[in-house]
Amino acid sequence: MRATVLHSPGDIRLDTVPDPQLRHDTDAIVRVVAACVCGSDLWPYRGLNGEQTEPQQIGHEHVGIVEQVGAEVADVKVGDFVIAPFKHSDNTCVHCRNGVHTSCVNGGFYTGCQAELVRVPNADGTLVTVPGEVDDALVPHLLTLSDVFPTGHHCAVSAGVTAGSTVAVVGDGAVGLSAVLAAKRLGASTVIAMSRHEARQQIAREFGADHIVESRGKEGAAEVREILGGIGADAVLECVGTHESMKQAFLSLRPGGTVGYVGVPHGVELPINVMFGNNFGLAGGVAPVRAYLPELLAEVLDGSLRPGAVFDLTLPLERVADAYRSMDERAAIKVLLRP
């Protein structure tokens, strides 16, 4: 099969590799209908995840059709159209029952999803079947449910966003834009998107942002407070993962508020004394996509939730190098790949 392989930082290729095989009776093989490039894929692409000693397959977001199942797979059937969360889980352990599938005692990460075929462990616990015939126009919205939209949703939930909340979102990538939509979905009365890019601002407004703030640092935080009557936001959603973005989040927060964070942390240092003195909360982490999927999928299927607008570029899999280049240069927000 063809699969995306990162040979070294900046060197992404579509290679021919062996087809994945069932290793365990609980595995499934999925033929990919659509995959995409995640902002977190750019960390190794840029060489920021430490030394890479050998080529490695990459990608962790996909939807597709089940081609094979192991002998112990009972719920997922060959021919099912499935959404595949980016971490596998058994959906039965104590952590899964507590809604933290990303800490499943029998789970873990799997990769290599920017490919034609993917082996998914713990198929019954991980994969979520989309009922009935799937219209191709629905595929981008369904693909967001494998990671990016539930991650934005997790950020809003972690920050305690509810009806009437005031919210600021730091980060205008696909996760940040998803967080805007998620906050509005949860009933936020005012959502402020911090963005300097016109195309991203437009999607933020389509997703429900009430205000756009282009400034950064203390000036940006002052604009947030001005919009909100002189105080900071009830919740700030940090969707980048850098020290600067986390600092911006706390600068924009009201005393007693909470920062939700889902950006993969790189070099972040927390202002613990400031947090203590202002009763700032901090909550978030790796999004337990599997826990959120039933609720979110129902709304995508009934048409009330449309998160697929984060994909502003669609390319065939053979142009995956262009996909990475476009996102690295911020020419695209998020690229959908079609094998």
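Take Leu228 and decide whether it is crowded, with 20+ Cβ neighbours inside 10 Å, touching a residue at least 12 places away in the same chain (Cβ under 8 Å) and farther than 24 Å from Ser40 by Cβ.
The answer is no for Leu228.
In segment 109-167, which residues are assigned to a loop (DSSP other than H, G, I, E, B) and polar (S, T, N, Q)?
Residues satisfying the conditions are Thr111, Gln114, Asn122, Ser146, Thr162, Ser165.
At least 2 residues that are touching a residue at least 12 places away in the same chain (Cβ under 8 Å) and of a type in the set (Val, Ile, Thr) in each: list the helices (runs of 4 or more DSSP H) lying fully within segment 240-339 that qualify.
289-301
If you scan segment 205-229, which residues turn out to be outside any helix (DSSP H, G or I) and either among the charged types (D, E, K, R) or farther than 20 Å from Arg306 by Cα (or both)? Write out each step before concluding.
Let us first name the residues in segment 205-229 that are outside any helix (DSSP H, G or I), namely 207-216, 228-229.
Result: Asp210, His211, Ile212, Val213, Glu214, Ser215, Arg216, Leu228, Gly229.
Taking segment 41-62, which residues are crowded, with 17+ Cβ neighbours inside 10 Å and within 14 Å of the chain's Cα centre (by Cα)?
Asp41, Gly59, His60, Glu61, His62
Report every pair of residues separated by at least 6 positions or lying on different chains whose Cβ atoms are under 6 Å apart, first residue within segment 88-109 and over 22 Å from Gln57 (Cβ atoms), second assigned to a loop (DSSP other than H, G, I, E, B) and of a type in the set (A, V, I, L, M).
Cys93/Val105
Read-outs throughout are calculated quantities, based only on the coordinates presented, and are distinct from any laboratory measurement. From a predicted model like this one, the values you see are computed outputs, not experimental measurements. Glycine gets a Cβ as well: all are built from the backbone with ideal geometry, and neighbour counts include every protein chain shown.
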